[in-house]
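The structure under discussion appears below in the form of structure tokens.
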Amino acid sequence: MKLLTLNFLTCAVKSCKSTSASFPLHPKDCELVSDTLKSDPKLLFNILPRLDWSALSTTASELGFPGLPPSAPTKEELEANEKLFHDLHTLLLETHISEGSLVCANCGHSYKIKEGIANFLLPNHLV
Amino acid sequence: MEYMIRFTQSHETFRLAEIEALAVFEGIKLEVISYSLDSPFCLVKLPSEEAAIRLVRRSILAKSVYEVWGKASTYEGLFDSIRAESQHLWPLYETCSFKFSVDTFQGSRTPAEQRNLIERFGFLPFEGPIKMKGFDQEFCILEEWVHDSAAFGIQDPQSVCLARYLGSSARDIIAKYDLKKRKYISTTSMDAELSLVTANITLAGPGKLFYDPFVGTGSFSVACAHFGALAFGSDIDGRNIRGKGKVNILANFDQYGLMPQFGDSFVADLTNTPLRAARLFDGILCDPPYGVREGLKVLGSRDPTKGREVVYLNGKAHHTEEDYIPPKRPYSFLAMLDDILDFATFSLVDNGRLSFWMPTANDENQEIQVPQHPCLEITSICTQTFNRWSRRLITYRRIPDSEVPAEAIREQRAKEQGISADDLNPFRKGYFKGFKLNGK
Ligand SMILES: [Zn+2]
């Protein structure tokens, strides 16, 4: 699962959604893999306004990536900053979690990731 | 200027929906002058030759586009029309190499007849060489005959047109994505042609984020990825997502060289979605299972009073074990359609599109109403008809909040509480009881 996707995901438990602790989910015992993909400025600029920047910063620091700027860059700032563009491309699109789990800080439920595929099906008592 | 779009004479109700979507996608002002479901020839007004080429280049149901030089109901009329409408264009093509071709719909012309027809255009002052290959320009005589003209002994077409070829569509990619040659498919995979059409109608394109919440083997994801979108998908059935060994959705992306277009796939239930409520997607498209085989399922217990507690087996919480399979319960197809509309409302960007397929019987008593939502405007409804049933592709545009009428309160359909899949699902019921054959 890509780190971009992680930024789109929260706990699937309905009563967790209204709490801020349910997002972002926290990677636990995660194995990271990195692909090499051609970067696409149009895609990254389109993604930019859809990111939750503070959640992305949390994820990046939890996984040991270098710190992100304190606030999201504008499209113009990203266009002018080649290093940040490259770092974001690597972080969001090239890096993915192959094994591990994602934990909700509100309910404590742990979602497993196996062979890159996260499973968000809830056990019966959480539906 | 008038242009002629030459469609395929199949999937008729999808053709205009696709070309109108492409006009929106390309930002081209398209005015349809004449169009009929019974004809492959569609006369349109477009701002330029360049726009005409751009409009059809990724169409699946158009074959090609032409600049119209004249049209009439007889050849005599056509020659007059060409002299009146396009004489100013003749000097541009006086010296180029060229080819003449004949495209006959619902009729046939022998090679000798075709040569005779072409010779009748000898009044055009073309001095350049005639070439069968590598020509600069192609002029096409488009003939339309009435249906079954041979049986009625009809000798002449009902309309004729002379047009200059401008460009072709993307119809040849259907073969590239043919399911027969695809690594990972199942019995419910949507065929390549209709997947690509769906992706076009939903405005898939470079830099956009697309999501299929019932991804199955990823037919729509591959189609969206082909057009340049980053494709996400989920499915409540983990087996669909995981596939078998290395044969899975990712293998299909790899097969077609679309890896940069792979967003993600994960296991999830739309009624308990892990996606946060934010405007994340440019397009959502799906073919929700309507339960002909197994009935639509969502997470939960059939008996809502059961399963509220964690189950312990041998001292371990069962749901944390490898082999745990969460229980699923039957769910109404209509309730799911409402859920999809609600989900699309909070997940689509302004003017983003939602397309989904839904079944409908060929009998109005079993007709399922097209679901509505005040934040979603229906942009097209296309129907594919089979012998005993039909299915529709319904497409909506997410209206910007500023344009949603405040008084428009959605008719809330009470969610059915039944237990049996048949009671929950009017289509499944009809399917098993056997729909009445159309008018027979
Ligand atoms: Zn939670």
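When the Gaussian network model of chain B links Cα atoms closer than 10 Å, the mean-square fluctuations of B:E67, B:E85, B:E377 top out at B:E85. Here the accessible area of chain B is 51 percent carbon and sulfur, with a 1.4 angstrom probe and all protein chains present.
Given a Förster radius of 41 Å and the C-beta distance between B:E119 and B:A175 as r, what FRET efficiency does 1/(1 + (r/R0)^6) yield to the nearest 0.05? Plugging the Cβ-Cβ distance into 1/(1 + (r/R0)^6) gives 0.70. Taking Lys and Arg as +1 and Asp and Glu as -1, the other residues whose beta-carbon sits under 10 Å from that of B:P157 total -2. Under 1.5 on a/c is rounded, so check that first for region B:2-171, then, if it is not, pick prolate when a/b is larger than b/c and oblate when it is not; a ≥ b ≥ c are the square roots of the alpha carbon gyration tensor eigenvalues. Taking the square roots of the gyration eigenvalues as a ≥ b ≥ c, region B:2-171 is oblate. Site pair B:D323 and B:S168 shows an inter-label distance of 5.7 nm when each label is modelled 7 Å from Cα along Cα→Cβ. Buried area at the A:B interface is about 3300 square angstrom, summed over both chains, from accessible surfaces computed with a 1.4 angstrom probe.
Each label point was placed 7 Å from the Cα along the Cα-to-Cβ direction; for B:E26 and B:D80 their separation is 3.4 nm.
Taking trypsin sites (Lys or Arg not before Pro) across region B:220-299, the ones in a DSSP loop with at most 15 further Cβ atoms lying within 10 angstrom of their Cβ are B:K246, B:R279, B:R293. Share of carbon and sulfur in the accessible area of region A:3-126 stands at 53%, probe radius 1.4 Å.
For the peptide B:317-328, the mean number of other protein chain Cβ atoms found within 10 angstrom of a residue's Cβ is 3. Cysteines of chain A lacking any other cysteine Cβ under 4.7 Å from their own Cβ: A:C30, A:C107. Per residue of peptide A:40-47, the mean number of Cβ atoms on other chains within 10 Å of the residue Cβ is 4. With the Cα gyration tensor of the protein assembly as shown giving a ≥ b ≥ c as the square roots of its eigenvalues, does the rule (a/c under 1.5 for rounded; else a/b larger than b/c for prolate; else oblate) give rounded, prolate or oblate? Note, shape of the protein assembly as shown comes out prolate.
In loop segments of region B:99-132 as defined by DSSP, the chymotrypsin sites (Phe, Trp or Tyr not before Pro) with at most 13 further C-beta atoms inside 10 Å of their C-beta are B:F123.
A straight chain from B:V370 to B:A406 at 0.36 nm per residue would run longer than the Cα-Cα distance by 10.8 nm.
Mean projected area of the Cα convex hull of region B:231-356, taken over all directions, amounts to 10.3 nm². Solvent-accessible surface of chain A, taken per residue with a 1.4 Å probe and all protein chains present: 45 Å². Just how far, in whole angstrom, is region B:330-361 from region B:132-189 if you go by their alpha carbon centroids? Cα centres, region B:132-189 to region B:330-361: 34 Å. Classification of region B:175-433 by its C-alpha gyration tensor yields a rounded form. The axis ratio a/c (a ≥ b ≥ c) stays under 1.5. Averaged over peptide B:261-273, the number of partner chain Cβ atoms lying within 10 Å of each residue's Cβ comes to 6.
Stretched out fully, how many nm does the piece from B:L89 to B:F346 gain, at 0.36 nm a residue minus the Cα gap? Result for the pair: 87.4 nm of gain on full extension. What FRET efficiency, computed as 1/(1 + (r/R0)^6) with R0 = 30 Å and r the Cβ-Cβ distance, is obtained for A:L37 and B:R239, rounded to the nearest 0.05? E between A:L37 and B:R239, to the nearest 0.05, is 0.65. Using a Förster distance of 30 angstrom, determine the FRET efficiency expected from the C-beta separation of A:T19 and A:S71, and round it to 0.05. Here the calculated transfer efficiency is 0.80. For chain B, modelled as a GNM whose springs connect Cα atoms under 10 angstrom apart, the maximal fluctuation among B:R308, B:R109, B:R164 occurs at B:R308. Only the Cβ atoms of Lys and Arg (+1) and of Asp and Glu (-1) were treated as charged; on that basis the dipole of region B:175-433 about its Cα centre amounts to roughly 780 debye.
The values are calculated or read from the model by the stated rules, or taken from the named source; none is laboratory data. Nothing here was measured: the structure is a model prediction, and the numbers come from that model. So basically every Cβ, Gly included, is an ideal-geometry build from the backbone, and we count neighbours across all protein chains shown. Surface areas here come from the heavy atoms of the whole protein model, side chains and all, with no ligands, DNA or RNA. Shrake-Rupley method; radii C 1.70, N 1.55, O 1.52, S 1.80 Å.
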